[in-house]
1. How large is the convex hull of the C-alpha atoms of the chain per residue, in Å³?
2. For the chain, what is the mean residue ellipticity at 222 nm derived from helices alone (per DSSP H run of n ≥ 4: -39500 (n - 2.57); sum divided by total residues; nearest 500 deg cm²/dmol)?
3. Give me the number: length gained by fully extending N52 to L146, i.e. 0.36 nm times residue separation minus the C-alpha to C-alpha distance, one decimal in nm.
4. What nm value, rounded to one decimal, do you get for the distance between V155 and L175 when each label is placed 7 Å out toward the C-beta?
5. Roughly speaking, what is the stretch gain from E45 to M193, that is 0.36 nm per residue apart minus the C-alpha to C-alpha distance, in nm to one decimal?
6. How large is the accessible surface of E49 in square angstrom, using a 1.4 angstrom probe and rounding to the nearest 10?
7. Given a 1.4 Å probe, how much area per residue of the chain is accessible, in Å²?
8. With a cut-off of 20 Å, note down the residues of the stretch 43-82 whose backbone N falls inside the zone around a label point 7 Å from the Cα of I26 toward its beta carbon.
Amino acid sequence: MEILGIDIGGSGIKGAVVNTTDGTLITERHRIATPQPATPEAVAETVSELTNHFSYVGSIGCGFPALIRNGLVKTAANIDKTWLEVPVESLLSNATGQKVFVINDADAAGLGELRFGAGNGHPGMVMVLTIGTGIGSAIIHKGILLPATELGHLVFRGKSAEKYCSDAIREREDLTWERWGKRLNNYLLHLEMLFSPDLFILGGGVSKKFDKFKSQLVTKTQVMPASLQNMAGIIGAACYAADNQNFV
Ligand code: BGC
């Protein structure tokens, strides 16, 4: 199936038409800067512009950086607060004139990595963490996603974990890769104790810098960088739409 996958992020809204059977791209990736302020109306207009760029007609899968329940936005940790309670699926469907399926961005990246990336076909329990401005999480067991886990908001050392070891915190506190890697390791050890995953996959911008901090990671669980890098969210979102379009 050929489906348009879109990844809505804080600085860019990216998309490509994806072959959801083998995870390859049918078109090049196209990126439009996220409008500022990133209000629901402005983002919807950009998603429509992106869809028109591909002259695309059909179901669309879209990753969004918040907790989504029944098509509604439920949290706004790192997005414009006006998104709270917005029916994002119908907003984007109306703006594009296509049926849009919205999934949490980390869940989308998790699906992408599991099907076509670092976790390809993994038979056990995989935890995918996307590390950027915030921390997103996806838990996939025997290929099935347990959605909306939000482990970046697990309270760790007195605060939301993403306020302790996101990439934004590394930059803001000017941490060396070594010091930040130690923090990440503490967080991974905690997740390991709670969930006993078989594999951690680290996505987001830091996946490209894995060599700079991997020596700090001492979990028993294997840790791998995401291999689809900035394509995982787009590919996973397209797969989500492909999986769900017959269930509406
Ligand atoms: C949000 C998650 C999101 C993550 C990465 C967190 O602040 O609560 O829903 O997956 O950031 O974008």
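1. 115
2. Result for the chain: -9500 deg cm²/dmol, rounded to the nearest 500.
3. Difference between extended and current length: 30.6 nm.
4. Distance between label points: 2.0 nm.
5. In short, 48.9 nm is gained.
6. Ignoring ligands and nucleic acids, E49 comes out at about 100 Å².
7. For the chain, the per-residue accessible area is 44 Å².
8. Zone members listed by number: 47-63.
The values are calculated or read from the model by the stated rules, or taken from the named source; none is laboratory data. In this text the structure is predicted, and so the values were computed from the model without any measurement. Neighbour counts are summed over all protein chains in view; Cβ atoms, including those assigned to glycine, are modelled from backbone coordinates with ideal geometry. Protein only, heavy atoms only, side chains kept; ligands, DNA and RNA dropped before computing areas. Shrake-Rupley method; radii C 1.70, N 1.55, O 1.52, S 1.80 Å.
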